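Since the structure comes first, as structure tokens, the remarks are kept for the end.
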Amino acid sequence: MSNVTKLPSAAVSYYTVAKRGAIWAIVLVTPIEGMKPLKTAIYSSPDRQEAVSYGKQLAARMLRPFKEGRA
């Protein structure tokens, strides 16, 4: 997919991992100017390392950045 052209109006969304109760969720975060970012849970796992690994694979496949953050 080297022929993908990024538009200036493209969303700057990214994937990350967030703790949701007893599980870890892969979350798609879409910043919205002047508002709270829109967060959409994509996948969940009881193991953080598994969630991070899957999140990185998903981000690479969807051509979006992955921000790991803190544990």
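Can you find even one residue in segment 56-65 that is of a type in the set (S, T, N, Q) and either at positive phi or open to solvent by 90 Å² or more (accessible area, probe 1.4 Å) (or both)? Yes, segment 56-65 has at least one match. Within segment 11-31, restricting attention to residues that are open to solvent by 20 Å² or more (accessible area, probe 1.4 Å) and outside any strand (DSSP E or B), the residue that is modelled with the lowest pLDDT is Ala11. Residues that are over 25 Å from Lys6 (Cβ atoms) and among the charged types (D, E, K, R) within segment 37-70 comprise Asp47, Arg48, Glu50, Arg70, listed in sequence order. Contact annotation: residue pairs with Cβ atoms under 8 Å, 6 or more positions apart or on different chains, pairing a residue in segment 44-71 that is touching a residue at least 60 places away in the same chain (Cβ under 8 Å) with a partner that is outside any helix (DSSP H, G or I) and surrounded by fewer than 16 Cβ atoms within 10 Å (Cβ to Cβ), are Leu63/Met1; Leu63/Val4. In segment 32-55, of all residues being of a type in the set (Val, Ile, Thr) and outside any strand (DSSP E or B), the one that is least open to solvent (accessible area, probe 1.4 Å) corresponds to Val52.
The values are calculated or read from the model by the stated rules, or taken from the named source; none is laboratory data. Please read these numbers as outputs of a predicted model, since none were measured by experiment. Cβ coordinates were reconstructed from backbone atoms using ideal geometry, including for glycine residues, and neighbour counts include every protein chain displayed. To get the accessible areas, we keep the full protein, side chains included, count just its heavy atoms, and leave off ligands, DNA and RNA. Shrake-Rupley method; radii C 1.70, N 1.55, O 1.52, S 1.80 Å.
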